[in-house]
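Engineer: Below: one structure in structure tokens.
The values are calculated or read from the model by the stated rules, or taken from the named source; none is laboratory data. Note that this is a predicted model, so its numbers are computed, not measured. FYI the Cβ positions are ideal-geometry reconstructions off the backbone, even for glycines, and counts take in every protein chain you see.
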Amino acid sequence: MAKKAVSRSSIQKGYQDYLLTEGKKPETVRILTKYLNTSDQEFYKHFGSLKNIEKSIWEDYFHSTLKVITKDADFSEMDGREKHLSFLFTLMEIVKEDRSYILYKLENKKPNDLPKELRDTRKILLNSDDIDWAKTFDYLPNNVQDKTQTAYKQVLWSHSIATLLFWVKDDSAAASDTDVFIEKTTRTAFDVGENPALESIIDLSKFFLQKMGFSKSTA
């Protein structure tokens, strides 16, 4: 049977399919290429090793998110809160079709126990010039305000990871609880240092308590 040409994306999807079907990673490139009915040569056109596949999968989630939101004609007119929400909702829309893979990789994981490939995506946000919607706290000294952009990018990455970890545990219809999580945590993040902050934090706390089974009140 003739070997077929493959794309970067089809290798990524084939790798995910193998992992979910076999319950383990392919041990060699040959095992994966045989599974994909392609050649090792085709594989090496796109990846230098098997470990680079998973790295590319996680990186592409974030690169694709930035590409989508910055192409939106209305994006530049949004305020910081709206841009933050756009980033998170777009990220979740992009990862949605790979839910089974992400569940396999992140279910029961803690923030300090993430796959290295996911931890390394922090660099993408830290190095991105597209992320310019950091909140500036006017009450801070000028020399501190200058550092808020880098700190904000760290926060955005952490918020993205927290959202992913919440999503893998979300069994609500259409992951509606994740939408609520994004809305409430973003509001709290942007209210820090302002008068509505306390109200936002209380609202967010009620939501967490309800989802953890400690409260019967509605969020």
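Engineer: Can we say GLY23 is outside the structural domain of ILE102 (by TED's automatic domain parsing) and closer than 25 Å to ILE124 by Cα? First the steps, then the outcome.
Structural biologist: Details: outside the structural domain of ILE102 (by TED's automatic domain parsing): yes; closer than 25 Å to ILE124 by Cα: no.
Taking the combined requirement at face value, the residue does not satisfy it.
Engineer: May I pose another question? If you go through the range 49-63, how many residues are farther than 20 Å from GLU97 by Cβ and either assigned to a helix (DSSP H, G or I) or among the aliphatic types (A, V, I, L, M) (or both)?
Structural biologist: Taking the range 49-63 as the starting set, the residues that turn out to be farther than 20 Å from GLU97 by Cβ are 49-52.
Subset that is either assigned to a helix (DSSP H, G or I) or among the aliphatic types (A, V, I, L, M) (or both): 50-52.
Count: 3.
Engineer: Same structure, new question: Just the residues that are farther than 11 Å from LYS4 by Cα, of a type in the set (Ser, Thr, Tyr) and outside any helix (DSSP H, G or I), please, taken from the range 28-48.
Structural biologist: THR28, the sole residue that qualifies.
Engineer: For residues that are in contact with a Lys or Arg (Cβ under 6 Å, 6 or more places away or on another chain) and not in a helix (DSSP H, G or I), scanning just the range 116-163, find the one that is modelled with the lowest pLDDT. Give the steps one after another, and end with the answer.
Structural biologist: Taking the range 116-163 and keeping what is in contact with a Lys or Arg (Cβ under 6 Å, 6 or more places away or on another chain), we get 117, 125-126, 131, 133, 157.
Imposing the further condition that a residue be not in a helix (DSSP H, G or I) reduces the set to 131, 133.
On the way: ILE131: 91, TRP133: 82.
Ranking the candidates gives TRP133 first.
Engineer: Here's something else I'd like to know. Considering the range 105-133 alone, what residues qualify as being surrounded by fewer than 16 Cβ atoms within 10 Å (Cβ to Cβ) and over 14 Å from LEU165 (Cβ atoms)?
Structural biologist: Start the filter on the range 105-133 by keeping residues that are surrounded by fewer than 16 Cβ atoms within 10 Å (Cβ to Cβ), which leaves 107-113, 115-116, 119-120, 123, 126-130, 132.
Matches in the range 105-133: LYS116, ASP120, LYS123, LEU126, ASN127, SER128, ASP129, ASP130, ASP132.
Engineer: Give me a count of the residues in the range 164-207 that are outside any helix (DSSP H, G or I) and either at pLDDT 85 or above or basic (Lys, Arg) (or both). Before you say what the answer is, go through the steps one by one.
Structural biologist: As a first pass, look at the range 164-207 and keep what is outside any helix (DSSP H, G or I): 170-172, 192-196.
Subsequent filtering for residues that are either at pLDDT 85 or above or basic (Lys, Arg) (or both) retains 170-172.
Going through the range 164-207 one residue at a time, the tally reaches 3.
Engineer: A follow-up question, please. Kindly indicate which of SER49, SER39 is outside the structural domain of LYS153 (by TED's automatic domain parsing), exposed (fewer than 12 other Cβ atoms within 10 Å of the Cβ), small (Gly, Ala, Ser) and closer than 21 Å to ARG8 by Cα. Let's see the steps before the verdict.
Structural biologist: Working: SER39 fails: exposed (fewer than 12 other Cβ atoms within 10 Å of the Cβ).
From the options SER49, SER39, the qualifying one is SER49.
Engineer: Another question about this same structure. For the range 3-24, which residues satisfy the criterion of being basic (Lys, Arg) and part of a helix (DSSP H, G or I)?
Structural biologist: Applying the first criterion (basic (Lys, Arg)) to the range 3-24 yields 3-4, 8, 13, 24.
Residues satisfying the conditions are ARG8, LYS13.
Engineer: Restricting the search to the range 18-49, which residues are touching a residue at least 12 places away in the same chain (Cβ under 8 Å) and within 30 Å of PHE89 (Cα to Cα)?
Structural biologist: TYR18, LEU19, LEU20, LYS25, HIS46, PHE47
Engineer: I'm checking my understanding of the structure. Among residues of the range 64-90 that are of a type in the set (D, E, K, R) and not in a helix (DSSP H, G or I), which one is surrounded by the most Cβ atoms within 10 Å (Cβ to Cβ)? Can you show your working first?
Structural biologist: Residues of the range 64-90 that are of a type in the set (D, E, K, R), as a first pass: 67, 71-72, 74, 77, 79, 81-83.
From what's left, not in a helix (DSSP H, G or I): 72, 74, 79.
Working: ASP72: 13, ASP74: 8, ASP79: 10.
Step by step, filter the range 64-90, then rank; the result is ASP72.
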